Amino acid sequence: MRSFMGFGDIYLTRDGFERLQGELAYLKTVCRRQLAKAVGEARSHGDISENAEYDAAKEAQGLNEKKIAELEHKLSHAQILDDKNIPKDEVLLGATVSLKDLDTNEEFQYMLVSEVEADYAQGRISATSPVGKCLLGHKENEVVEIGIPAGTLRYKILKITR
């Protein structure tokens, strides 16, 4: 990525940061209550040494706590992207890029985000993905060639927005 990023920092859009906060709150409240209830119910079925339901509930509880710890770590290292200090004419983290495939004439757009926020179905690609890496630093009207296992993609950058 770019040199302005510190080691261990996780750069997030404001929307991405808020989504992670919401997910953390959900895991800490709703999921914890549901899993504690499931463990209690499984324990009430008798001998826990041979109780597969209890083991499964305890494992699910452990996985939830692990996910909580991971989210807390990510949020504690998160830096929210400040669009005011980022050039708007260059493809950088947080930019939405409108592209034209020069082979198919198809137009589409991606938002470049950190790996934490990447979600291809929502048009959010990681800046560390093959496409994301190749787009970084380019400007409008430039043609970018991206080598992928299936061949070479040729995109023209139509527009960059934030």
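Descriptive notes on the structure:
- Rounded to 10°, Cα long-axis angle of helix 52-76 versus longest principal axis of the chain: 40 degrees
- Accessible surface computed residue by residue for the chain, with neighbouring protein chains in place and a 1.4 Å probe, gives 60 Å² per residue.
- In this simple spin-label model, placing a label point 7 Å from the Cα along the Cα-to-Cβ direction at both E18 and D119 gives a separation of 1.3 nm.
- Rounded to 0.05, the FRET efficiency of the R43 and I80 pair, given R0 = 35 Å and the Cβ-Cβ distance, is 0.25.
- Beta bridges per DSSP, both residues in the chain: antiparallel share near 75 percent.
- Note on R14: accessible area is roughly 130 Å² with a 1.4 Å probe, heavy atoms of protein only.
- Extension gain, E145-H73: 0.36 nm per intervening residue step, less the Cα-Cα distance, totals 22.3 nm.
- Identified option (computed Cα extents along the principal axes in Å; candidates [x] 67, 39, 37; [y] 69, 36, 24; [z] 77, 37, 31): [y]
- Each Lys or Arg adds one and each Asp or Glu takes one away; over the other residues whose Cβ falls under 11 Å from the Cβ of S126, this sums to -1.
- For the chain, the relative contact order works out to 23 percent when only alpha carbon pairs closer than 8 Å and six or more residues apart are counted.
- Listed cross-link partners K84/K139; K66/K133; K84/K156; K28/K133; K28/K84; K88/K133 are compared with a 23 Å cut-off, the Cα-Cα value being larger for K66/K133; K84/K156; K28/K133; K28/K84.
- Rounded to the nearest 10 degrees, the angle from helix 14-26 to the longest Cα principal axis of the chain is 10 degrees.
- Taking the chain as a Gaussian network of alpha-carbon nodes connected by springs under 10 Å, the highest mean-square fluctuation of the residues D82, D103, D119 belongs to D103.
- Surrounding net charge for E59, when Lys and Arg each add one and Asp and Glu each subtract one, Cβ distance under 12 Å: -1
The values are calculated or read from the model by the stated rules, or taken from the named source; none is laboratory data. What you see is a predicted model, and the numbers here were worked out from it, not measured in a lab. Cβ sites come from the backbone with ideal geometry, for glycine too, and all protein chains shown count toward neighbours. Quick note on the areas: whole protein, heavy atoms, side chains included, nothing else; ligands and nucleic acids left out. Shrake-Rupley method; radii C 1.70, N 1.55, O 1.52, S 1.80 Å.
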